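The values are calculated or read from the model by the stated rules, or taken from the named source; none is laboratory data. Small disclaimer: the values here were computed from a predicted structure and weren't measured. As a convention, Cβ positions derive from the backbone with ideal geometry for all residues, glycine included, and neighbour counts pool all protein chains shown. Ligands, DNA and RNA are stripped out before the accessible areas are found, and what is left, the full protein with its side chains, is counted by its heavy atoms. Shrake-Rupley method; radii C 1.70, N 1.55, O 1.52, S 1.80 Å.
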Amino acid sequence: MFGSWARGDWDGFSDVDVLAVAPNRSQASKLADAVLDLGMADDVLALTELEWQERRNGYDPYWSAIGRDALRLNQP
């Protein structure tokens, strides 16, 4: 989970943002679909583990903030 809920600064207008990370694209997409189908989040981004590591360790401030603030909801 990332965004305002992960940072603890959410309010009544905040949505729930989740990053679904899996070994491959198919699994990431299935995980994202399941999270949305269960109503557990409003926005879900699906990435492979490699894509997530590249973005998290890159220079884009958007992805750096997600990496810094995210709360892991499931341990491998």
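The accessible-area ordering, largest first, of the residues Ser26, Ser64 stands as Ser26, Ser64, per a 1.4 angstrom probe. Within the listed set Gly39, Gly12, Gly58, the Gaussian network model of the chain (springs between alpha-carbon atoms below 10 Å) gives the highest mean-square fluctuation for Gly12.
Loop sites by DSSP among the chymotrypsin sites (Phe, Trp or Tyr not before Pro) of the chain, restricted to those with at most 11 other Cβ atoms within 10 angstrom, leave 14-58 as the longest stretch without any of them. Here the sum of -39500 (n - 2.57) over DSSP H runs of 4 or more residues, divided by the residues of the chain, equals -12500 deg cm²/dmol at 222 nm, to the nearest 500. The heavy atoms of Leu50 offer some 120 square angstrom of accessible surface to a 1.4 angstrom probe.
Derived from the Cα gyration tensor, the three semi-axes of the equivalent ellipsoid of the chain are 19, 17, 9 Å, largest first. Sequence-distant contacts, meaning Cα pairs under 8 Å at least 6 residues apart, place the relative contact order of the chain at 33 percent.
For the chain, the set of trypsin sites (Lys or Arg not before Pro) satisfying both a DSSP loop assignment and a count of at most 14 other C-beta atoms within 10 Å is given as Arg72. If only the Cβ of Lys and Arg carry +1 and only the Cβ of Asp and Glu carry -1, the dipole of the stretch 20-76 around its Cα centre is close to 200 debye.
For the chain, the per residue solvent-accessible surface stands at 70 Å², with DNA, RNA and ligands left out and a 1.4 Å probe. Of the residues Asp37, Asp60, Asp9, ranked by 1.4 Å probe accessible area with the largest first, the sequence reads Asp37, Asp9, Asp60. Leaving ligands, DNA and RNA out of it, report the carbon-plus-sulfur percent of the accessible area of the chain at a 1.4 Å probe. Reported share for carbon and sulfur atoms: 53 percent.
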